[in-house]
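Data first, discussion second: the structure below is written as structure tokens.
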Amino acid sequence: MADVHGEVPVGFEAVREAFAENFERHGDVGAACCIYVGGRKLVDLWGGLADPESRRPWREDTLQLVFSSSKGITAICVHLLAQRGLLDLDARVADYWPEFACRGKREIPVRWVLSHEAGLAAVDGDLTLDEVLAWDPVVAAIAAQEPNWEPGTAHGYHARSFGWILGEIVRRISGRSLGRFFAEEIAQPLGLDFWIGLPEREIARCARTLPPAPGGASLDDLLGRESLTVRVLSGPSGLFAYDDMWNRPELLRAEMPSSNGVGDARALAKLYAATIGAVDGFRALEPATTDAARVEQVAGRDKVLLVPSRFGLGFALPPMLVAGCGEDCFGHPGAGGSLGFADPEAGVGFGYVMNQMRLGVEPDPRAAAIVAALYDCLGARQASAR
């Protein structure tokens, strides 16, 4: 049985029990969960092993790679620029990034990038890993290519290009990389342990990301290496797989705003809490900005994922988040199981991170169990207050 540390208030013991049960029943190795309610930290839990090989425990300050949970953070940076009047979401990407205008991309608005409608899910070009991690070569490749489908006619998950396109827009407007913009404008004011582009000094705090257990036919086998789905999920240039490569320091140090945010559950929960209310006197997004960002833009069969997906402006919407969360929730899951979201109606900011990845068609039960326990406890507290 894993050691579980941290705190929950009276009446929310079931949340701790659900978190602990994930280690016993659902394969968690190391994990952390944090929940804010009404702008205050309510639950803060961590436990298990950060590295099962060395038996290094998951500590209070352990950091974890969260894959696509990074996309919600990227979206918040974009909306902050729009809130300040520096970015028009209905303006063309090419208005901020002129080189982007070629080969049928001139009229693509920023809004379509946020909603995965830009038709640039797969990055063309023959790129090395060093070129991808260096930023300029990969964004130049995106600027030079033609869309994978006619922009605006369908949506398909832009697994990695989402971050590069939006990150380049942020850089063109602010003069700062997205990682630096996030650090200076959001992470520092809120005191978040979270980075897009992890400093070398923080790498020793990282948990070891554990790939999902092998089994079953691969996507290559099922769909073919040249399918759009495989090109997107393994690309660019087939360089990426959900294996031990994600523990390499160069992948953690680089800025991949779709894929390689590193932080803790507290940062995710606190950040999402700050999109729906003030936390420690700081509110990341104004109410009107948040309300607009979580309005559904697309829903239905996804050209990349090949299953239904539903997005607002940069945020995943229910049922993409987790079973049991409210219809008003918005946020983003990450490959393998991480999750950050906000529930404006309940006043919840939620963060869950873990090092044992799970992939597959079956829903991941881990965050779902914690969320179910949370809402049960919130409901009981409301009933007793009547």
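The values are calculated or read from the model by the stated rules, or taken from the named source; none is laboratory data. Just so we're clear, the structure is a prediction, and the values are computed from it rather than from any experiment. Glycine also receives a Cβ, built like all others from the backbone with ideal geometry; neighbour counts cover every protein chain displayed.
Listed values, structure above:
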| quantity | calculated |
| --- | --- |
| Pairs with Cβ under 7 Å, 6+ apart, first in the stretch 342-361 and over 15 Å from Thr290 (Cβ atoms), second part of a strand (DSSP E or B) and modelled with pLDDT under 95 | Met357/Gly336; Arg358/Gly336; Leu359/Gly336 |
| Residues being surrounded by 20 or more Cβ atoms within 10 Å (Cβ to Cβ), touching a Pro at 6+ places or on another chain (Cβ under 8 Å) and in a loop (DSSP other than H, G, I, E, B) - total across the stretch 94-121 | 6 |
| Residue, surrounded by the most Cβ atoms within 10 Å (Cβ to Cβ), within the stretch 283-327, restricted to residues that are of a type in the set (D, E, K, R) and closer than 18 Å to Ala368 by Cβ | Arg310 |
| Residues of the stretch 373-386 satisfying the condition of being of a type in the set (A, V, I, L, M) and touching a helix residue (DSSP H, G or I) at 6+ places or on another chain (Cβ under 7 Å) | Ala373, Leu374 |
| Positions within the stretch 180-201 being of a type outside the set (Gly, Ala, Ser), assigned to a loop (DSSP other than H, G, I, E, B) and either at pLDDT below 95 or within 16 Å of Arg253 (Cα to Cα) (or both), in sequence order | Asp193, Leu198, Pro199 |
| Residue that is nearest to Phe67 (Cα to Cα) [pool: residues in the stretch 143-167 that are part of a helix (DSSP H, G or I) and touching a strand residue (DSSP E or B) at 6+ places or on another chain (Cβ under 9 Å)] | Gly163 |
| Single residue of Phe315, Phe282 found to be in contact with a helix residue (DSSP H, G or I) (Cβ under 7 Å, 6 or more places away or on another chain) and closer than 30 Å to Glu150 by Cβ | Phe315 |
| Near pairs, Cβ below 9 angstrom, 6+ apart or cross-chain, from the stretch 38-65 (over 22 Å from Glu17 (Cα atoms) and among the charged types (D, E, K, R)) to any residue that is part of a strand (DSSP E or B) and at pLDDT below 95 | none |
| Boolean, Glu146 is under 19 Å from Ala293 (Cβ atoms), modelled with pLDDT of 95 or more and of a type outside the set (Gly, Ala, Ser) | no |
| The stretch 47-89, residues that are assigned to a loop (DSSP other than H, G, I, E, B) and at positive phi | Arg55, Gly85 |
| Checking Tyr352 against (1) of a type in the set (Ser, Thr, Tyr); (2) at pLDDT below 95; (3) crowded, with 18+ Cβ neighbours inside 10 Å, the condition it does not meet | (2) |
| In the stretch 1-46, residue surrounded by the fewest Cβ atoms within 10 Å (Cβ to Cβ) [restricted to those that are β-branched (Val, Ile, Thr) and in a loop (DSSP other than H, G, I, E, B)] | Val10 |
| Within the stretch 360-386, tally of residues that are of a type in the set (Ser, Thr, Tyr) and either surrounded by 18 or more Cβ atoms within 10 Å (Cβ to Cβ) or more than 11 Å from Gly324 (Cβ to Cβ) (or both) | 1 |
| Pair list, Cβ < 6 Å and 6+ apart or interchain, from the stretch 202-215 residues that are part of a loop (DSSP other than H, G, I, E, B) to residues that are crowded, with 16+ Cβ neighbours inside 10 Å and among the small types (Gly, Ala, Ser) | Ala207/Gly30; Ala207/Ala50 |
| In the stretch 168-179, the residues that are in contact (Cβ under 8 Å) with a residue 12 or more places away in the chain and part of a helix (DSSP H, G or I) | Glu168, Ile169, Val170, Arg172, Ile173, Ser174, Leu178, Gly179 |
